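Single-structure report; data block below.
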Amino acid sequence: MKEKYYQAYEGRYRTVYSQGVKYWSDFPWEVQEDLAGLNSFLGFVRARPGVDRILEPGCGEGHLAVPLIQKGFDYLGVDLAPSALKKARSRLKEAGLEERARFVLHDATDLSFLPAGSFDLAVDNKFLHMLVVDRDRQRYLTGLRRVLKPGSYVLFNELYQEGAYPGPVESFKQYLDIFKPDLTTMEERTAYNEGREVKVRIPRVPARPKDQAGYAREMEDNGFRMVHFEVLESYIGCRFYARRE
């Protein structure tokens, strides 16, 4: 079977780890911002530890799984990258939470293996923007809506671009033609290895930003309603909440 374009993230994880980095998602500012945003979201939706079930599609290395489980939520993370899930399990083991770790190695654009209406909340921490073709995004959002209870909320942290391309993207080739991303040049980035800065070279991966109007329209088209939106200052991103209608 032909590898899907978003499976390139597994190669990125492996490349980072091969350069001596323990966790790729260990940037102090990014983790702090993600946690602050998560706490604001949980307060907004009046989340109930010990009651609410939370799904995280594209959970990666699980840096949000730790605080959610520590708070008492019933958490499930889904990701297609085996290297990332291995790190996620290690992260929870270090926190003494391995017995409560629940991760599934699976393509999160296909949530058909989960029962309908089985989750109260969901957290999408930079997963939707990894999907650049319309049908993949629609499949994911439709599946996400199915597994959430009516009236549930989703936290989205995604790439943002003012005036982003608003039209359709029907294939990966069309994405390449429209956005013309450089997916061949190795990018130099700073990673953090247990508090120490480490310079690494990583492959670029596909990603698709939208602006507020684009995300709001996409939510509406797939059975959600945007109820909060903010542009993040620390990186080219945005955070928004969507209600499952």
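The values are calculated or read from the model by the stated rules, or taken from the named source; none is laboratory data. What you see is a predicted model; the values in this text were computed from it and never measured. All Cβ positions, glycine included, derive from the backbone under ideal geometry; neighbour counts span all protein chains shown.
Might you check whether a residue that is surrounded by 23 or more Cβ atoms within 10 Å (Cβ to Cβ), modelled with pLDDT of 95 or more and on the phi < 0 side of the Ramachandran plot occurs anywhere in the range 94-104?
Just the residues of the range 94-104 that are surrounded by 23 or more Cβ atoms within 10 Å (Cβ to Cβ), to begin with: none.
Looking through the range 94-104, none of the residues is surrounded by 23 or more Cβ atoms within 10 Å (Cβ to Cβ), modelled with pLDDT of 95 or more and on the phi < 0 side of the Ramachandran plot.
Can you name the residue in the range 70-93 that is of a type outside the set (K, R) and more than 27 Å from R46 (Cα to Cα) and is also surrounded by the most Cβ atoms within 10 Å (Cβ to Cβ) among such residues? Break it down into steps so the answer makes sense when it comes.
So the first thing to find is which residues in the range 70-93 are of a type outside the set (K, R), and the list is 70, 72-85, 88, 90, 92.
Of the ones still in play, those that are also more than 27 Å from R46 (Cα to Cα) are 80-85, 90.
Details: L80: 20, A81: 23, P82: 12, S83: 20, A84: 27, L85: 23, S90: 16.
That would be A84.
Could you identify the single residue in R139, R217, R225 that is among the charged types (D, E, K, R), within 16 Å of the chain's Cα centre (by Cα) and either over 19 Å from G58 (Cβ atoms) or surrounded by 14 or more Cβ atoms within 10 Å (Cβ to Cβ) (or both)?
Numbers: R217 fails: within 16 Å of the chain's Cα centre (by Cα); R225 fails: within 16 Å of the chain's Cα centre (by Cα).
That would be R139, the only listed residue that is among the charged types (D, E, K, R), within 16 Å of the chain's Cα centre (by Cα) and either over 19 Å from G58 (Cβ atoms) or surrounded by 14 or more Cβ atoms within 10 Å (Cβ to Cβ) (or both).
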Does E245 satisfy the condition of being surrounded by fewer than 16 Cβ atoms within 10 Å (Cβ to Cβ), in contact (Cβ under 8 Å) with a residue 24 or more places away in the chain, charged (D, E, K, R) and over 30 Å from R14 (Cβ atoms)?
-> yes
Quick check, is L183 farther than 19 Å from G60 by Cα and in contact with an Asp or Glu (Cβ under 9 Å, 6 or more places away or on another chain)?
-> no
Of all residues in the range 180-205, how many are β-branched (V, I, T) and surrounded by 11 or more Cβ atoms within 10 Å (Cβ to Cβ)?
-> 4
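Go over the candidates R208, R239 one by one and state the one that is surrounded by 16 or more Cβ atoms within 10 Å (Cβ to Cβ), in contact (Cβ under 8 Å) with a residue 12 or more places away in the chain, charged (D, E, K, R) and under 22 Å from G43 (Cα atoms).
R239
Restricting the range 11-46 to residues that are among the aromatic types (F, W, Y) and surrounded by fewer than 17 Cβ atoms within 10 Å (Cβ to Cβ), which is modelled with the highest pLDDT?
Pass one, the range 11-46, residues among the aromatic types (F, W, Y): 13, 17, 23-24, 27, 29, 41, 44.
Okay, now just the ones that are also surrounded by fewer than 17 Cβ atoms within 10 Å (Cβ to Cβ), so 29, 44.
On the way: W29: 80, F44: 98.
Taking the candidates together, the pick is F44.
Scan the range 101-121 and give yes if some residue there is of a type outside the set (V, I, T), under 24 Å from T190 (Cα atoms) and not in a strand (DSSP E or B), otherwise no. Working first, answer last.
Initially, the range 101-121 is screened for residues of a type outside the set (V, I, T), giving 101-103, 105-108, 110-121.
If we keep only those that are under 24 Å from T190 (Cα atoms) as well, we get none.
Taking every residue of the range 101-121 in turn, none turns out to be of a type outside the set (V, I, T), under 24 Å from T190 (Cα atoms) and not in a strand (DSSP E or B).
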Collect the residues in the range 94-140 that are among the β-branched types (V, I, T) and either out of contact with any Ser or Thr (no Cβ under 9 Å at 6 or more places or on another chain) or free of Cβ contacts under 8 Å to residues at least 24 places away in the same chain (or both), keeping them in residue-number order.
-> V104, T109, V123, V132
P49 passes all but one of (1) over 19 Å from A88 (Cβ atoms); (2) surrounded by 15 or more Cβ atoms within 10 Å (Cβ to Cβ); which number fails?
-> (2)
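Quickly run through the range 149-191 and pick out the residues that are among the aliphatic types (A, V, I, L, M), touching a strand residue (DSSP E or B) at 6+ places or on another chain (Cβ under 8 Å) and within 30 Å of F119 (Cβ to Cβ). Walk me through it before giving the result.
First pass over the range 149-191, keeping only residues among the aliphatic types (A, V, I, L, M): 154-155, 159, 164, 169, 176, 178, 183, 186, 191.
Within this subset, residues satisfying the condition of being touching a strand residue (DSSP E or B) at 6+ places or on another chain (Cβ under 8 Å) are 154-155, 159, 164, 183, 186, 191.
Selection gives V154, L155, L159, A164.
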Where residues in the range 122-136 are within 24 Å of A47 (Cβ to Cβ) and not in a helix (DSSP H, G or I), which of them is farthest from the chain's Cα centre (by Cα)?
-> A122
Members of the range 52-66 that are under 16 Å from the mean Cα position of the chain (by Cα) and either farther than 26 Å from R137 by Cβ or not hydrophobic (A, V, I, L, M, F, W, C) (or both) | E56, P57, G58, G60, E61, G62, H63, V66
